[in-house]
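J.: Below: one structure in structure tokens.
The values are calculated or read from the model by the stated rules, or taken from the named source; none is laboratory data. Bear in mind that the values here come from a model prediction, so they are computed numbers and not experimental data. Note: ideal-geometry Cβ built from the backbone for every residue, glycine included; neighbour counts use all protein chains shown. Areas reflect the complete protein model, heavy atoms only, side chains present, ligands, DNA and RNA absent. Shrake-Rupley method; radii C 1.70, N 1.55, O 1.52, S 1.80 Å.
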Amino acid sequence: VLVAVNTRYRSAEVEYILRRSGARMLVMQRDFRHIDFPAILAGVDPEAAPALETAVVLDEAEPSPVLGRPALGWEALLNARADHAEADGP
């Protein structure tokens with residue numbers, strides 16, 4: 001299930017969505033339309049997203065962790081998915 005987060009939301013609103021949605025992955029851009037999303041996430045309690053396993057950062061090749069969870073760049077996610085598909089076979 002995809003849960004969209006409005007780029008105008010503040011920390012409390014993002015925290016609420018992460019808590020209620022049970023999100024396992026967060027896909028984000030660090031700087032979309034000059035909005036500093038890392039600054040917004042800095043105000044989010046990492047415990048508010050207990051199901052969150054990883055983040056994917058679209059505009060960075062080797063991102064730092066997000067909310068204390070591992071983060072992947074978009075290309076790394078695509079490569080991991082391709083590797084997984086090859087391992088599973090046809």
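J.: Can you give the charge dipole size of the chain about its Cα centre, rounded to the nearest 20 debye, using +1 on the beta carbon of Lys and Arg and -1 on the beta carbon of Asp and Glu?
T.: For this selection, approximately 440 debye.
J.: Now, a different point. May I ask for log10 I(q)/I(0) of region 12-83 at q = 0.12, 0.16, 0.22 Å⁻¹, from a Debye sum over the Cα atoms as equal point scatterers with solvent left out?
T.: Evaluating at q = 0.12, 0.16, 0.22 Å⁻¹ gives log10 I(q)/I(0) of -0.31, -0.54, -0.98.
J.: Residues of the chain: accessible area per residue at 1.4 Å, in Å²?
T.: So the chain comes to 70 Å² accessible per residue, rounded to a whole number.
J.: Roughly how many percent of the accessible protein surface of the chain is carbon and sulfur, given a 1.4 Å probe and a whole-percent answer?
T.: In the chain, the share of accessible area belonging to carbon and sulfur is 54 percent.
J.: Round to the nearest 10 and give me the degree value, 0 to 90, for the angle of helix 11-21's Cα axis relative to the longest principal axis of the chain.
T.: Compared with the principal axis, the helix lies near 50 degrees.
J.: Tell me the angle of helix 74-88 to the major Cα principal axis of the chain, expressed in degrees between 0 and 90 and rounded to the nearest ten.
T.: Between helix and principal axis, roughly 40 degrees.
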